[in-house]
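Chemist: One structure, as structure tokens, below. Some questions next.
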Amino acid sequence: MSDPLQPYDAVVMCSYGGPRKMDDVLPFMRNATSGRGVPDERLIEVSGHYKTYHGVSPINARNNEILQALSRELSERGSTIPVVIGNRNWTPFFHDVMTDLYQQGVRRVLALFTSAYVCYSGCRQYREDLAAALEQMEEQEMTGMVVDKARAFSTTTGFVDSNVDAIVRGFRVEAEKGFGGRRTKLQMVTHSIPQDMFDASGPADKTRPDYVGQHIAVCKAVVERVEKILGHDIEWELSYCSRSGPPHIPWLEPDINDVLERDYEQGVRSVVVSPIGFICDHMEVVFDLDTEAAETAKNLGMSYTRADTPGDEPCFVSSLADVLCERAAQARAEIEGLPSGVGVGYCRDAATVGEDAVTVAIEVAEFADELSVDDQWKGFQATDVVEPVWPAVSPLHDSLLRPSASFQSTVCGG
């Protein structure tokens, strides 16, 4: 059986990273806010919630569970290439992971970002950090490594269905508490971002949705399925959590805690909270929702159930494997979308890749016939519930980009 991930040598699951003990917290926070001029005093203040968890972010354990499940899924599909984790802000860092892979003989890497939606902090910033790691490796005479990325997966069947199942379970919990039928409201919650980042989070021509639009499309698909299962309409809303930064800088609102207080004043006594913007239970979920929002609801006298995140649910993991196999099929020139010399499709003011991209397109087309995979993986494409916000883009397209002052200063959506 041939490997469905040909021509790649390894998969790197790219995540935010998180501290593993109290001594890690301040250095981690410095990395996460690098270049923003945030003093240590402020970092210590805003990172106080880590004390409750003894400095241990749950993101590392949850990511490892997803990694193991994804590795098993890919192995069952016949893939033998290594699947590892690399982080932006804490160990194992991108540079260290890439260096280790390089020393093992890996030259072509497929990256899967753990951010389900597209915005600067959820996509472009990862790409800049990966590019910076490649540049550092080149300076260390480790040349020739290429990193491609799989597309965003919030629109996939597995992501939608895993959230549907979790929400339905949440409504049934509330029904057991005596809040059946339409008496329970659904709050969909995602990570807030600065208003400026949101304003530039979609293509300038509006051909695909911005950060909020991506969420709304997924939320509507989820709610439609939930209503069919429950047999009645539900009231729902998108709200936000995890706002940070100076108070004078506007971020997306409303905050989940403010919404709970408003809803209670309007007569709502039961709520299911779905972390629709997150794939697993990391700090924004266990603190912002399981601790702060749950406490707000308790103080109000509101019944509160937090729905599960997708985590290592089989249907979600299967869709992650699907987008990886899809990208590999594209790299084998079995799916349209090879580079044409234009800029990356989902970025405002992104640089163009010019003649290099055209050269890559020719090279990919020439070696595609040399690869052989089983018929079931030829031209493979993931199944989506709503229109993908990041269509299959060209092999090598992302890794041709390198950090620059304009990239670092421009808030863009890809």
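Chemist: Listed residues A365, A321, A331, A361; which is in contact with a helix residue (DSSP H, G or I) (Cβ under 8 Å, 6 or more places away or on another chain), more than 22 Å from C219 (Cβ to Cβ) and modelled with pLDDT under 95?
Modeler: Values: A365 fails: in contact with a helix residue (DSSP H, G or I) (Cβ under 8 Å, 6 or more places away or on another chain); A321 fails: modelled with pLDDT under 95; A361 fails: in contact with a helix residue (DSSP H, G or I) (Cβ under 8 Å, 6 or more places away or on another chain).
Step by step, each of A365, A321, A331, A361 is checked, and only A331 is in contact with a helix residue (DSSP H, G or I) (Cβ under 8 Å, 6 or more places away or on another chain), more than 22 Å from C219 (Cβ to Cβ) and modelled with pLDDT under 95.
Chemist: Is it fair to say S71 is surrounded by fewer than 21 Cβ atoms within 10 Å (Cβ to Cβ), under 30 Å from V106 (Cβ atoms), polar (S, T, N, Q) and out of contact with any Pro (no Cβ under 6 Å at 6 or more places or on another chain)? Walk me through it before giving the result.
Modeler: Working: surrounded by fewer than 21 Cβ atoms within 10 Å (Cβ to Cβ): yes; under 30 Å from V106 (Cβ atoms): yes; polar (S, T, N, Q): yes; out of contact with any Pro (no Cβ under 6 Å at 6 or more places or on another chain): yes.
Here the answer is yes, as S71 does meet what is asked.
Chemist: Still on this structure, please answer the following. If a residue must be free of Cβ contacts under 8 Å to residues at least 40 places away in the same chain and open to solvent by less than 40 Å² (accessible area, probe 1.4 Å), how many such residues does the range 42-68 contain? Lay out the reasoning, then the answer.
Modeler: Looking only at the range 42-68, we keep the residues that are free of Cβ contacts under 8 Å to residues at least 40 places away in the same chain, and these are 42-45, 47-48, 51, 54-56, 61, 64.
If we keep only those that are open to solvent by less than 40 Å² (accessible area, probe 1.4 Å) as well, we get 43, 47-48, 55.
Count: 4.
Chemist: Within the range 153-175, can you find the residues that are open to solvent by 10 Å² or more (accessible area, probe 1.4 Å) and either small (G, A, S) or assigned to a loop (DSSP other than H, G, I, E, B) (or both)?
Modeler: Residue satisfying the conditions is A175 alone.
Chemist: When you check V109 against the structure, is it among the β-branched types (V, I, T), crowded, with 24+ Cβ neighbours inside 10 Å, within 19 Å of Y8 (Cα to Cα) and in contact (Cβ under 8 Å) with a residue 60 or more places away in the chain, yes or no?
Modeler: It is true that V109 is among the β-branched types (V, I, T), crowded, with 24+ Cβ neighbours inside 10 Å, within 19 Å of Y8 (Cα to Cα) and in contact (Cβ under 8 Å) with a residue 60 or more places away in the chain.
Chemist: Within the range 234-343, considering only helices (runs of 4 or more DSSP H) that don't extend past its boundaries, which have at least 2 residues that are within 19 Å of the chain's Cα centre (by Cα) and surrounded by fewer than 19 Cβ atoms within 10 Å (Cβ to Cβ)?
Modeler: 314-331
Chemist: Taking the range 176-190 only, how many residues are outside any loop (DSSP other than H, G, I, E, B) and open to solvent by 50 Å² or more (accessible area, probe 1.4 Å)? Walk me through how you get there before you give the answer.
Modeler: Going through the range 176-190, the residues outside any loop (DSSP other than H, G, I, E, B) turn out to be 176, 181-183, 185-190.
With the extra rule that they be open to solvent by 50 Å² or more (accessible area, probe 1.4 Å), the set shrinks to 176, 182-183.
Residues flagged as outside any loop (DSSP other than H, G, I, E, B) and open to solvent by 50 Å² or more (accessible area, probe 1.4 Å) within the range 176-190 amount to 3.
Chemist: Now for a different question. Could you list, in sequence order, all residues of the range 3-20 that are in contact with a Pro (Cβ under 9 Å, 6 or more places away or on another chain), buried (at least 24 other Cβ atoms within 10 Å of the Cβ) and part of a loop (DSSP other than H, G, I, E, B)?
Modeler: The answer is G17, G18, P19.
Chemist: Of all residues being open to solvent by 20 Å² or more (accessible area, probe 1.4 Å) and part of a loop (DSSP other than H, G, I, E, B) in the range 74-102, which is nearest to F380 (Cα to Cα)? Just the residue, please.
Modeler: Ranking the qualifying residues of the range 74-102, first place goes to R77.
The values are calculated or read from the model by the stated rules, or taken from the named source; none is laboratory data. What you are looking at is a predicted structure, and each value in this text was computed from that prediction instead of being measured. Note: ideal-geometry Cβ built from the backbone for every residue, glycine included; neighbour counts use all protein chains shown. Calculation scope for accessible area: heavy atoms of the full protein, side chains included, ligands and nucleic acids excluded. Shrake-Rupley method; radii C 1.70, N 1.55, O 1.52, S 1.80 Å.
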